[in-house]
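The values are calculated or read from the model by the stated rules, or taken from the named source; none is laboratory data. Please read all numbers here as calculations on a predicted model, not as lab measurements. Cβ sites come from the backbone with ideal geometry, for glycine too, and all protein chains shown count toward neighbours.
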Amino acid sequence: MRIIAIANQKGGCGKTTTAINLAAALSENGRRVLLIDLDPQAHATLGLNIKSEFNIYNVLSKITNKKVRINDIIRNVSGTFDLAASGIILSTLEQELAGEISRESRLWETLKNFKHGYDYILIDCPPNLGILTVNAICAANEVIVPVEASRFSLEGLNQLLDIIGLIRERLSHNVDYRVLVTNFDSRLRHSFKILDYIRSAFQYKLFGTIIHVNVKLKEAQSQGEHVLNYDKYCRGAKDYFSLSREIIVQEKTPAKEETIMPVIEKRIKEAIKRELPKLNESTFSISAPKAKEVHLVGDFNNWKLGKESFMQPDNGIWKKRVSLDPGKYHYRFVIDGEWTDDPNNPQKATNPFGQMNSLIEIKKNDADNN
């Protein structure tokens with residue numbers, strides 16, 4: 001199970017929007033997900049139109065006369081997506097915890113004994129660096145930091161990273177973090193300048209997926225729904241679905257599976273793999289002379305954006321060679337954040353978002369398909 005806190009002290013950076021829609025997208029991919037609303041403003045709870053007599057305050061507080069277990073406040077949103085609700089009374093918890101020993105680990109203690117079958121627990125943090133946010137980071141093993149393409153959002157990022165560093169040093173709790181660019185407006189040149197800076201500063205800690213400005217994301221929240229229910233074909237739904245796939249690709253194989261295979265069997269498989277002849281290589285290309293960067297994504301790389309999907313420019317033509325087994329593959333190009341099919345390939349197939357994927361079929365003995 002992965003516990004992921006979604007935090008940034010700056011408001012308006014898409015933190016709650018990310019928490020809600022990432023949880024929904026992970027659920028859409030067959031994962032069981034619990035979203036804990038740890039923000040006293042309860043925007044995630046309100047944004048999903050969830051009503052609950054009790055909330056996370058009644059779980060974490062020791063002085064409330066209405067003490068409940070976390071199981072008692074969980075409400076189903078849709079499918080395998082559940083929510084642990086919040087409320088304004090949660091704002092009093094910081095005062096309650098102020099004089100307590102181990103106040104920063106109250107949420108961790110709750111989740112430690114939580115009997116569940118979730119693949120992911122996401123924690124939506126308040127827009128500050130108070131005790132609730134510290135509790136979320138201490139309970140998590142990963143942190144997603146949503147960052148707008150703006151200077152002020154970057155300042156909030158640096159302060160949050162300082163807190164993560166202090167938690168690592170003083171509490172001996174290692175938590176990994178990754179930066180997610182949100183509210184990206186591809187119409188503004190300034191957005192690309194800030195994006196270039198973020199990439200240079202956090203190149204190994206940056207999600208390949210970018211969340212673009214999309215009015216459907218706000219409309220969905222105003223209707224009390226996540227965007228995949230509201231309009232699964234819109235840009236926002238596509239972005240968060242892509243983010244969920246990028247996160248799922250990072251899932252680790254359980255350690256006990258590693259011990260099942262004897263070392264000698266593992267070495268034999270590695271030797272066979274080395275000796276097998278090279279797979280057929282296919283060359284993908286697209287003309288985009290004004291593009292700053294172009295990626296190739298598809299079934300063959302789990303639709304993951306990153307260094308491995310980056311295409312090389314050659315006088316305005318972007319190219320990439322990929323080794324593929326025989327079979328059929330769906331793919332698309334991502335040009336400066338814009339997803340598009342291959343204009344030079346007439347073979348198309350409709351994807352779950354109502355858009356067109358390009359389709360390539362590799363047959364035995366095929367080579368250098370375009």
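Suppose we keep only residues that are small (Gly, Ala, Ser) and without any contact (Cβ under 8 Å) to a residue 60 or more places away in the chain within segment 172-216. Which one would you say is nearest to Ala291 (Cα to Cα)?
Top of the filtered list is Ser191.
Evaluate the following for Ser242: is it at pLDDT 80 or above, surrounded by fewer than 19 Cβ atoms within 10 Å (Cβ to Cβ), under 30 Å from Ala42 (Cβ atoms) and small (Gly, Ala, Ser)?
Details: at pLDDT 80 or above: yes; surrounded by fewer than 19 Cβ atoms within 10 Å (Cβ to Cβ): no; under 30 Å from Ala42 (Cβ atoms): yes; small (Gly, Ala, Ser): yes.
No.
Looking only at strands (runs of 3 or more DSSP E) that lie completely in segment 1-117, which have at least 2 residues being over 28 Å from Asn214 (Cα atoms), touching a residue at least 60 places away in the same chain (Cβ under 8 Å) and in contact with a strand residue (DSSP E or B) (Cβ under 9 Å, 6 or more places away or on another chain)?
By residue number, no strands (runs of 3 or more DSSP E) qualify.
So Cys125 ticks every box in (1) buried (at least 23 other Cβ atoms within 10 Å of the Cβ); (2) within 30 Å of Gln250 (Cβ to Cβ); (3) out of contact with any Ser or Thr (no Cβ under 6 Å at 6 or more places or on another chain) but one. Which box is left unticked?
Only one criterion is unmet by Cys125, namely (3).
From the list Leu180, Leu157, pick out the single residue that is touching a Leu at 6+ places or on another chain (Cβ under 8 Å) and either aromatic (Phe, Trp, Tyr) or surrounded by 18 or more Cβ atoms within 10 Å (Cβ to Cβ) (or both).
Testing whether each residue is touching a Leu at 6+ places or on another chain (Cβ under 8 Å) and either aromatic (Phe, Trp, Tyr) or surrounded by 18 or more Cβ atoms within 10 Å (Cβ to Cβ) (or both) leaves just Leu180.
Return the residue satisfying two criteria in turn: it lies in segment 315-364 and is among the small types (Gly, Ala, Ser) and buried (at least 19 other Cβ atoms within 10 Å of the Cβ), and of such residues it is farthest from the chain's Cα centre (by Cα).
Ser358
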